[in-house]
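The values are calculated or read from the model by the stated rules, or taken from the named source; none is laboratory data. All of these numbers come straight from a predicted model, not from anything done at the bench. Using ideal geometry, Cβ is built from the backbone for each residue, glycine included, and neighbour counts are taken over all protein chains shown.
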Amino acid sequence: MTTFICFEPADAPTLDLYGYYKTATYTNQTATGFTAVVDANTRIDLTGSDLAYQSGFPISGTTTSATVFKNGSAAYAMSGFAITMEQAAIYMSQSPVTVNKSVFAGADTIVGSAFNDVLDAWGGDDTLTGGAGNDTVLGSEGRDTAVFSGNRSDYTISSHVGANGQIEFTVVDANAARDGTDTLRGVEVAKFADGSFDLTVAPQASSFGHVATTVSSAGGQVYALYEGLLGRAPDAGGLEYWADRFDHGTSARDLGQLLLSSPEGQTRTGGLSSGDFVNQLYQTTLGRPADGGGLAYWTDQIDNHGAQRIDVANSFVFSAEHVSSLQSAFDAGVFVADKQAADVARLYYTMLSRAPDAGGLQYWANQLDQGGSISDLAKAFLGTPENVSKYGGMQNGDYVDALYVNALGRPADTDGKGYWTDLLNHGTSRADLAVLLSDSAESHSVHLNQIELGWHLA
């Protein structure tokens, strides 16, 4: 197991240690270590065992750690490997990749610097810690883990399908100075101070939604409106909900007005004069201050020609310049969860305590798309052998407890349990309780990482 620690910005562990030897001179030669002076600015201190030299060159023995110094300061440190000098001689004539695959073939630990790093896992079950800065963490063979120093609740995790079809995760620390914003590719686990989060997703995302690649789609319009009016990408739940509303008649103007009127929108533009409002639009959508002519024109349209702020705002949001600035996001792919599939999946978790199977998810989501109700689905679930086996013999109070745990991830509070147990005792259907808990805001939050961001299937 190799440990690789960075002290300066790094593309790690892409490091041709032994390639340096071709031009290095060697000093401080002992049986347990030596120094390779690469040039006036770079040296490598190596330690090992049974090292021997001939004509000033290390020819035998084993190296087990190396620290690279640049301009007198440690840049990288590696330990825990074992490379004989005979192997090193072979590596001198080969590429850095060969060295990396040999050194990092096991379960390795790779630690980034306080800057923006690229950390590569080469094989085995690796543990990668980006630390401060905005890092890119690349998994490979094995089950790789990205480590973060805070609790799970301190981070926002979002995901999308990259241009190559690979799922990418963005992990944003609320404390930006601590872990920054990291991009994860091919990483199976995100480990936080209070537990781990499974990032494993199969190519089953299509069961839960679709990827928007243009602004002309419903999801694309929602994405552009959030970016243009609120200055941020939509959260997964908001994107899911509003894309569905677009499919059922909501217009870009409707959503734009709602965003401008929201507390978040009012904080940004609510108290602004017409001129300041226009300048804010230039900054948010086009990334620059308004030019004099543009500012005068749009301010005059609002103040003297009856133009509504929402119509002016949407002119900016869907301008060629703003749409072009979003193209990199659409090229990578913006995943838009299907609301019907998400509703069905939450009911699976609530009533059956498991992820949906692909066939069941597709069938019931289609039923909702064709006018069926989630209540009908809940009633159907009540009669399934699986549900009857798990919950059919429970008393109402125990059933309330079970559904709270399934839907909300916690036991029922005393008042809630008493309230729902009484209603069930007086004729309320268990299906109605399941629907209410499943569709609650708390349930949406609890299951976000398994549904909208995780796409888990049984």
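Scanning region 89-129 for residues that are assigned to a helix (DSSP H, G or I) and in contact with a helix residue (DSSP H, G or I) (Cβ under 6 Å, 6 or more places away or on another chain), which turns out modelled with the highest pLDDT? Only one residue tops the list, namely Tyr91.
The one condition from (1) assigned to a loop (DSSP other than H, G, I, E, B); (2) under 22 Å from Leu239 (Cα atoms) that Ala342 does not meet is (1). Just one residue in the set Phe277, Phe335, Phe381 is of a type in the set (Phe, Trp, Tyr) and either surrounded by fewer than 16 Cβ atoms within 10 Å (Cβ to Cβ) or not in a helix (DSSP H, G or I) (or both); that residue is Phe335.
Checking each residue in region 412-443 for being crowded, with 20+ Cβ neighbours inside 10 Å, under 33 Å from the mean Cα position of the chain (by Cα) and in contact (Cβ under 8 Å) with a residue 40 or more places away in the chain picks out Ala434, Val435, Leu437, Ser438, Ser443.
How many of the residues in region 219-232 are buried (at least 18 other Cβ atoms within 10 Å of the Cβ) and either closer than 20 Å to Thr170 by Cα or under 17 Å from the mean Cα position of the chain (by Cα) (or both)? Result for region 219-232: 8. So in region 290-332, with the set limited to residues that are under 16 Å from Val222 (Cα atoms) and not in a helix (DSSP H, G or I), which one is nearest to the chain's Cα centre (by Cα)? Among residues in region 290-332 that are under 16 Å from Val222 (Cα atoms) and not in a helix (DSSP H, G or I), the one nearest to the chain's Cα centre (by Cα) is Leu326. Residues in region 22-61 that are at pLDDT 90 or above, under 19 Å from Ala75 (Cβ atoms) and assigned to a loop (DSSP other than H, G, I, E, B): 0 in all.
Let's see how each residue does on (1) at pLDDT 95 or above; (2) within 16 Å of Glu240 (Cβ to Cβ); (3) out of contact with any strand residue (DSSP E or B) (no Cβ under 8 Å at 6 or more places or on another chain):
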{"position": "Arg309", "(1), (2), (3)": "yes, no, yes"}
{"position": "Asn314", "(1), (2), (3)": "yes, no, yes"}
{"position": "Phe318", "(1), (2), (3)": "yes, no, yes"}
{"position": "Gly333", "(1), (2), (3)": "no, yes, no"}
{"position": "Ala337", "(1), (2), (3)": "no, yes, no"}
{"position": "Asp357", "(1), (2), (3)": "no, no, yes"}
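When each of Ser140, Ser158 is tested for being within 27 Å of Phe208 (Cβ to Cβ), of a type in the set (S, T, N, Q), in a strand (DSSP E or B) and modelled with pLDDT under 80, the lone residue that passes is Ser158. Here region 394-411 is the region considered, the condition is being closer than 22 Å to Ser445 by Cα and aliphatic (A, V, I, L, M), and the residue that is surrounded by the fewest Cβ atoms within 10 Å (Cβ to Cβ) is Val405.
If you go through region 126-138 and pick out every residue that is surrounded by fewer than 24 Cβ atoms within 10 Å (Cβ to Cβ) and touching a strand residue (DSSP E or B) at 6+ places or on another chain (Cβ under 7 Å), you end up with 6.
Do any residues in region 57-77 that are within 20 Å of Asp117 (Cβ to Cβ) and assigned by TED's automatic domain parsing to the domain that holds Phe34 have Cβ atoms under 7 Å from those of residues that are part of a strand (DSSP E or B) and among the basic types (Lys, Arg), where the two are at least six apart or on different chains, and which pairs are they? Close Cβ pairs (under 7 Å, with a partner that is part of a strand (DSSP E or B) and among the basic types (Lys, Arg)) amount to Phe69/Arg43. Every listed requirement among (1) modelled with pLDDT of 90 or more; (2) more than 24 Å from Gly287 (Cα to Cα); (3) surrounded by fewer than 16 Cβ atoms within 10 Å (Cβ to Cβ) is met by Ser216 save one, (2).
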